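The values are calculated or read from the model by the stated rules, or taken from the named source; none is laboratory data. Quantities reported herein were computed from a predicted structural model and do not represent experimental measurements. Counting neighbours? That spans all protein chains shown, and the Cβs are built from the backbone with ideal geometry, glycine included. Accessible surface areas use protein heavy atoms only, side chains included; no ligands, DNA or RNA. Shrake-Rupley method; radii C 1.70, N 1.55, O 1.52, S 1.80 Å.
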Amino acid sequence: MIPFINSSERYLHLDIWMTAEVCALLRTCDSAFRAGDKAALTTAWAKLSPAIRGAKRAHALRIHSHFQDSGNTQRMWKGIQDITNYRTTSPDCAGDASLPDALNNFYARFEAENDVAVRKSTPTTNDQMLCLSVADVRRTLCRVNPRKAAGPDNIPGRVLRGCADQLADVLIDIFNISLSSATIPMCFKVATIVPVPKKSSVSCRNDYRPVALTSIIMKCFERLVMRHIKTLLPPSLDPL
C-alpha cells in the first residue's frame, strides 16, 4: 500500500491556491485510501500531483498580475492580501446613539481651541501671480480616480472625470480668482471626518482614527499649485 496522509488535513493550511478540481481529486484520494483500493489510489494520486502544480502556477500568475502596474496601489494591496490570506473583520458597532455627537465634539476640539486670527499678506507689485490654464485643469480632472471617495460636496470623481471638458471652463475661473485674491473658498476647506476603528474592540473614542474626506475639486486645485511650486524648487531638494 502506498503511504498516504489524509490529504484534507495535509493541504488544509494551503487553501489559498486550492481549486475545485484539486478538492475533488483530494476527496477521490481519501475515498480510495479508506476503501483500500490501491489501483484507484495510484490513479487519483497521479492526477492530483499535476493538478496541484497547475493550481499553484495559476495562483502565482494571479498574484504577479497585481504587481504589474506599480502606480495602481489598490491592486498591489490586493496582491499582498492574497499572499498573506488576509481577511478583514468588521468590528462591532456600539449601540449608543450619542456616539456620533461625542465623536464630533472629540474631533472638533482642535478647531474650537484655535482662536488665532487669520492674517492675509498683501502681495507686492513685483510678485508674479500664478495663472492656471484651461488645459491644465482639464488634464488634472481627467486624471481623477473615479473610485475616490467624495467629500462634503458629494461630487464623485466619476462625474469630474467624465465632465472634464465642461467643468474645466468653470473651475478655471474659480481657481484663478482664488489665486489672485489669495483666498480659498470656505466650501473647499470643509471636510467630512470618518472615524475608522484602530482595533477590533473599541473601548474609548481615542481608539478611532479620523479619516478626513475633503473635496476632490480642492485636491485638484492643490495638485495644480503643487506642480507649479515643484518647478520653482532646486533639483537638489527631495522631490517629495
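So here's what we get for this one:
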read-out	value
Tally of residues being out of contact with any Cys (no Cβ under 8 Å at 6 or more places or on another chain), of a type outside the set (Lys, Arg) and touching a residue at least 24 places away in the same chain (Cβ under 8 Å) across region 37-53	3
Residue satisfying all of: in region 115-137; small (Gly, Ala, Ser) and surrounded by fewer than 10 Cβ atoms within 10 Å (Cβ to Cβ); modelled with the highest pLDDT among these	117
Scan of region 61-87 for residues that are under 22 Å from residue 145 (Cβ atoms), open to solvent by 80 Å² or more (accessible area, probe 1.4 Å), in a helix (DSSP H, G or I) and not β-branched (Val, Ile, Thr), ordered by number	74, 75, 77, 78
Search result, residues across region 132-155 that are in contact (Cβ under 8 Å) with a residue 40 or more places away in the chain and assigned to a loop (DSSP other than H, G, I, E, B)	132, 144, 147, 148, 149, 150, 151, 152, 153, 155
Filter result (in contact (Cβ under 8 Å) with a residue 60 or more places away in the chain, under 27 Å from residue 211 (Cα atoms) and exposed (fewer than 13 other Cβ atoms within 10 Å of the Cβ)) within region 162-198	183
Cβ pairs under 7 Å, 6+ apart, first in region 206-221 and surrounded by 18 or more Cβ atoms within 10 Å (Cβ to Cβ), second of a type in the set (Ser, Thr, Tyr)	220/140
Some residue of region 91-103 being out of contact with any Phe, Trp or Tyr (no Cβ under 6 Å at 6 or more places or on another chain), open to solvent by 100 Å² or more (accessible area, probe 1.4 Å) and modelled with pLDDT under 75	yes
Tally, over region 138-161, of residues that are open to solvent by 60 Å² or more (accessible area, probe 1.4 Å) and small (Gly, Ala, Ser)	0
Those residues of region 228-240 which are open to solvent by 80 Å² or more (accessible area, probe 1.4 Å) and either among the small types (Gly, Ala, Ser) or touching a residue at least 12 places away in the same chain (Cβ under 8 Å) (or both), in sequence order	236
In region 48-85, the residues that are under 17 Å from the mean Cα position of the chain (by Cα) and of a type in the set (Gly, Ala, Ser)	70, 71, 79
Flag if residue 202 is touching a residue at least 12 places away in the same chain (Cβ under 8 Å), exposed (fewer than 13 other Cβ atoms within 10 Å of the Cβ) and either in contact with a strand residue (DSSP E or B) (Cβ under 9 Å, 6 or more places away or on another chain) or farther than 17 Å from residue 133 by Cα (or both)	no
Odd one out for residue 112, checked against (1) at pLDDT below 75; (2) within 24 Å of residue 203 (Cα to Cα)	(2)
